[in-house]
Amino acid sequence: MRSLVASDLSSRRRTRPAGLLGLLCLFVLAPAGAAQVHDVRLAAISGGTRLDVALSDAVTDSLFTLDNPTRVVLDLKPATLDRQVHLPAAQGLVHRVRVGPREGGGLRIVLDVDRQVVARRVPAAAGERHLVLELTTGDAVHAAVPASPVTVAPAPAAAPVAVAKTLPAARDLTIAVDAGHGGDDPGATGRDGTHEKDVTLAVARVLAARINAEHGMRAVLTRDGDYFVPLRERIHRARVAQADLFVSVHADAVRDPNVAGASVYVLSARGATSEAAKWLADRENSADLVGGVSLDDKDNVLASVLLDLSQSAAMSSSMVAAEKVLTELNQVGEVRKARVQQAGFVVLKSPDIPSLLIETAYITNPAEERRLRDEKYQSRLADAILAGVRSYFHENPPPGTRLAALAAPQP
Ligand SMILES: [Zn+2]
């Protein structure tokens, strides 16, 4: 749910690219005074379920129920969802909680219920900014009962939501798949003569095909043959394709033939700092946008703040995606390092595209070299990477994508 608030903010500006910087600017410029939802909890009560929403500030709210499917809707305004909030699991009458942005700075909380319920506001403990609802299967079915007419007004049913308008323009997610090395650069070579550049291309092709078979996703290969592509050019190709994620596929090498297992890397803080310096120095000669925002008309301080925001957002997204991929790779074979690694690899340096580099296995380990050449194993690697990517995007759908449209609560 992390990105839902962000989705709303940026989708008003543009639907593409789903740059991180754009939405961050809007966070910075967003009008003050919107209450933050810090926590959303469900608890069992006698005969029903209680919803407790913790807020930073007072909000206007409206409460109503809708049918097909049956749901209780709570609109808050002005309000945003704290990015740390984890929505509660099913509890009692509520089988799902969804949260999405509303036009005009509001936030909608939808409780999917499996039967008709009575929803009632109850006073929270004195001095606490909580909004508490009790859902029961009362006699008076299908009615939202306002406890206080001042703050709770039944709203007209089926008001249009912001997400509905963006549906026709919804786009596919783009994933740049980068086969490491190529052409004159064979990468590492195993004892039996297997070249890393061939294995990476094979896995990258399978991965791209798998991605293209997914609903709402498409793949772009940075190379699709045995030729050399400079590292910066790989980043450039991903940027031109307006990729939402960059995944570089490699095979590892080390002197000790016993070393085995996969590792996943994201950009290190040091790598990001040096890249930021480069972007700032080059910005007047470059027409590149960072997250859809031009840096060349900004003064130094503003440009560096914007770049820093974009980079930190991209880096934290990279880490989340990398952890998902690492978890999936762990199911396929050995994992060399149980935690995501950080390094200054050039291909990871896009300031606004979350980027991962996957060392699929050690080509210098004879058993792993054999596996890397095996088509079945290549497919299993591709499947694991896709599973990680899919799970990342389902939790963090970029604004304007079909996935985001699917994830957004219906009115
Ligand atoms: Zn490599």
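Every number here is computed from the coordinates shown, using simple stated rules; none is lab data. Note that the structure is a prediction, hence the values are computed from the model and not measured. Here Cβ is always computed from backbone atoms with ideal geometry, including for glycine, and neighbour counts include all displayed protein chains.
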Item checked: Under 14 Å from the residue 60 label point (7 Å along Cα→beta-carbon), backbone N, segment 105-120 -> 105-107
Next item on the list: Hand me the trypsin sites (Lys or Arg not before Pro) from segment 197-281 located in a DSSP loop with no more than 14 other Cβ atoms within 10 Å, in residue order please.
Entry: 255
Check: Could you give the semi-axes, largest first, of the ellipsoid that matches segment 322-389, computed as the square roots of 5 times the alpha carbon gyration tensor eigenvalues and rounded to whole Å?
Finding: 22, 14, 12
Note to self: Using all alpha carbons of segment 161-257, what is the percent of pairwise distances in each 5 Å bin, ordered from the shortest bin to the longest?
What the structure shows: 3, 13, 20, 20, 15, 11, 7, 5, 3, 2, 1, 1
Next item on the list: Per residue of segment 392-399, in order, report the coupling 6.51 cos²θ - 1.76 cosθ + 1.60 (Karplus, θ = phi - 60°) as ³J(HN,Hα) in whole Hz, putting x for Gly and Pro.
Entry: 4, 6, 5, 7, 10, x, x, x
Checklist line | Principal axes of segment 294-411: Cα extent on each, largest first, Å | finding: 55, 42, 22
Checklist line | Rg in Å to one decimal, and Dmax rounded to a whole Å, for segment 205-252 via C-alpha atoms | finding: 11.3, 32
Margin query: Going by amide H atoms built from the backbone, whose H comes under 5 Å of the H on residue 171, apart from near neighbours?
Written below: 401, 402
Notebook entry, point to check: Dipole of segment 254-343, Cα-centred, from +1 at each Lys and Arg C-beta and -1 at each Asp and Glu C-beta, to the nearest 20 debye?
Noted result: 480 debye
Next item on the list: Please report the orientation-averaged projected area of segment 210-302, defined via the convex hull of its C-alpha atoms, in nm².
Entry: 9.4 nm²
